[in-house]
Amino acid sequence: MSVEKTTMTDAWIRGVVEAIHSAPNQAVLYLAGGASQALGWLLSVPGASNTVLEAVVPYSRMSFIQLLGKIPSQHCSQQTAEEMALLAYNRGLKLSSPGYPVVGVGFTGSLASSRPKFGDHRFYLSTRTSDRLSVSTVTLSKGLRTREQEDTVSSHLLLKAIANACKVQAASVSHLTESDMSDEHETHFSEDQELEQLIDGKICFKVYPFSSETYTPAERKIILSGSFNPLHDGHVKLLEVATSFCGNGYPCFEISAVNADKPPLSVSQIKDRIKQFEKAGKTVIISNQPYFYKKAELFPGSAFVIGADTVARLINPKYYDGDHGKMLEILDGCKRIGCTFLVGGRNVDGVFKVLEDFDIPETLKDMFVSIPADRFRIDISSTEIRNSGGL
C-alpha cells in the first residue's frame, strides 16, 4: 500500500472512531478469529470509555462454548455471528449507563493461518441494536492477502458496521477486490416485535427514557418496580422521595412483562402501561424478571424502592422453598453486587408498617434503608384505585 493511501486510510479510521466516540451509543464487542485491529483502533483514540463497555475475544474452543452457552453447529457462520451480537447486546444492556443506546457486536472469522485452509477465507459480522439486526458475510480471495492483511480488511468493515449501528456517517472506503464476495442485509424490528422478543426471553429489557431530566452516566439506577395498573401520584412521589433520599441516581420505574404466578402481559397491555409513563414524563424499563434477585442481576448496583409489604415477602423463607439458608444466600447475592432496598411504609394486613417493624437478619440489615414515614406515606394502592372505579 502506498504512503499516500496509508495516510488516507489512517485519517479515515481516526475520523470514524472519533465520530463513534462522540455518539451516545455504548457497545459490547465479541470478536473471534479476526478484526482484532478494529478493537485497537477503538481503544487508541481518546473517548473510548464513552463507547466500549466490554470487549471479549473468545479464541479457544472452550471459551467460545462458554460464551455461547452451547457447542455451535459451526464456529464460523452467520448464525453464530448473530448469536454473538445478541449476547453482546444483552450484556451491553446490563452494563450501559441509564438511557444510553446499546450496540452489540459479534464477529467470527476463518482467515489465513499458519496452516493451509481447505475451505474459504471468510468472516461474518453482525450488529444488534434495540430495533435493528445487521449482518455482513464476506468471502475473501484465497492467496491474495497475508493473515495480517485479511485482518485489516475485516477490521475496516467491522469499524464501518459499528459506525452504521451508531448512526454515524462513514464515507465508504472499499478494501475488497472484484474477486472478493460480500453480502449485507438488515432486519428492522417494530416496537411490538421488540416486546415479543422480551417476553420470549431473547432480550432482557427495554428502556423507555421519557424523562427530560439529564443525569451523569456514572449514576446508579433507583428503581421502583411494580405493575402500575394504574400508575398513580403515590408511585411518583415515592420515587421522587427515594431519589432525594439517595442524594443522586437515575430514577426509573420497572415493569416485568413476565409474572411469577400469572400469564405474561400481552404486548397491548405493556404498551398501555407505557403510555402512562410517557404522559407523566417518567422513564420506565420493561423487563422479563419478576423476582428481585433476578432484577438485581439485571441491574447490579441499583437501589430498589419497595414497600413494607414487599419486605415481608423478601425475608419470609416461605418464598424460598421454606429454606432460611437459601433466603440468606439469595439476598446476600444481591448485596454482593451492590444492590440496596429503600423501604417505604405500607399497609400490611390492615396495619401501617415500616422497615423497623420487621426482623431483618443481622447480615442483611445494612442493605435495607428506611424511608421515614414523615418523608413519605400514602395508603392508597393501584388495586384500591381500580376497585373504586378510578381506572
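General remarks:
- Checking ARG115 against (1) assigned to a strand (DSSP E or B); (2) over 30 Å from ILE223 (Cα atoms), the condition it does not meet: (1)
- Of all residues in the stretch 71-78, none are assigned to a helix (DSSP H, G or I), modelled with pLDDT of 95 or more and hydrophobic (A, V, I, L, M, F, W, C).
- Verdict on PRO46 being closer than 16 Å to VAL168 by Cα and open to solvent by 40 Å² or more (accessible area, probe 1.4 Å): no
- Neighbours by Cβ (under 6 Å, 6+ apart or cross-chain): first from the stretch 329-346, buried (at least 23 other Cβ atoms within 10 Å of the Cβ); second polar (S, T, N, Q) and assigned to a strand (DSSP E or B): VAL343/SER370
- Qualifying positions in the stretch 49-70 - of a type in the set (A, V, I, L, M), assigned to a helix (DSSP H, G or I) and either open to solvent by 60 Å² or more (accessible area, probe 1.4 Å) or closer than 21 Å to PHE299 by Cβ (or both): MET62
Let's see how each residue does on (1) over 19 Å from the mean Cα position of the chain (by Cα); (2) within 18 Å of GLU150 (Cα to Cα):
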position	(1), (2)
GLN26	no, no
GLN37	yes, yes
LEU43	yes, no
GLU54	no, no
PRO58	yes, no
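- Of the criteria (1) at pLDDT below 95; (2) in contact with an Asp or Glu (Cβ under 9 Å, 6 or more places away or on another chain); (3) surrounded by 19 or more Cβ atoms within 10 Å (Cβ to Cβ), which one SER96 fails: (2)
- Residue-level analysis places TYR250 outside the set of residues that are of a type outside the set (D, E, K, R), touching a residue at least 12 places away in the same chain (Cβ under 8 Å) and open to solvent by 70 Å² or more (accessible area, probe 1.4 Å).
- Looking across the stretch 78-104, the residues that are touching a residue at least 60 places away in the same chain (Cβ under 8 Å), farther than 15 Å from THR187 by Cα and of a type in the set (A, V, I, L, M) come down to ALA88, LEU93, LEU95, VAL102.
- Residue in the stretch 140-152 that is under 27 Å from CYS204 (Cβ atoms), open to solvent by less than 10 Å² (accessible area, probe 1.4 Å), assigned to a strand (DSSP E or B) and of a type in the set (A, V, I, L, M) present: no
- All positions within the stretch 328-381 that are under 27 Å from the mean Cα position of the chain (by Cα) and assigned to a helix (DSSP H, G or I): GLU329, ILE330, LEU331, ASP332, GLY333, CYS334, LYS335, ARG336, MET367
- Of the residues making up the stretch 253-275, just one is open to solvent by less than 10 Å² (accessible area, probe 1.4 Å) and in contact with a Pro (Cβ under 8 Å, 6 or more places away or on another chain), namely ALA257.
- Residue match in the stretch 111-125 (condition: modelled with pLDDT under 95, farther than 14 Å from ALA27 by Cα and polar (S, T, N, Q)): yes
- Long-range neighbours under 8 Å by Cβ, at least six apart or interchain, first residue closer than 19 Å to GLU184 by Cα within the stretch 108-124, second among the acidic types (Asp, Glu) and open to solvent by 60 Å² or more (accessible area, probe 1.4 Å): SER110/ASP120
- When we screen ILE203, ILE222 for residues that are among the hydrophobic types (A, V, I, L, M, F, W, C), assigned to a loop (DSSP other than H, G, I, E, B) and on the phi < 0 side of the Ramachandran plot, the only hit is ILE203.
- Extreme residue, nearest to CYS246 (Cα to Cα), among residues of the stretch 276-304 that are part of a loop (DSSP other than H, G, I, E, B) and open to solvent by 10 Å² or more (accessible area, probe 1.4 Å): GLY301
- Residues of the stretch 305-327 satisfying the condition of being acidic (Asp, Glu) and outside any helix (DSSP H, G or I): ASP321, ASP323
- If you check VAL57, VAL45 for being out of contact with any strand residue (DSSP E or B) (no Cβ under 6 Å at 6 or more places or on another chain) and over 15 Å from CYS204 (Cα atoms), only one passes: VAL45.
- Failed condition for ALA170, given (1) surrounded by fewer than 17 Cβ atoms within 10 Å (Cβ to Cβ); (2) at pLDDT below 95: (1)
The values are calculated or read from the model by the stated rules, or taken from the named source; none is laboratory data. Computed from a predicted structure; not experimentally measured. Here the Cβ is made from the backbone with ideal geometry for all residues, glycine too, and neighbour counts use every protein chain on show. Remember, those area values only see protein heavy atoms, side chains included, never the ligands or the DNA or RNA. Shrake-Rupley method; radii C 1.70, N 1.55, O 1.52, S 1.80 Å.
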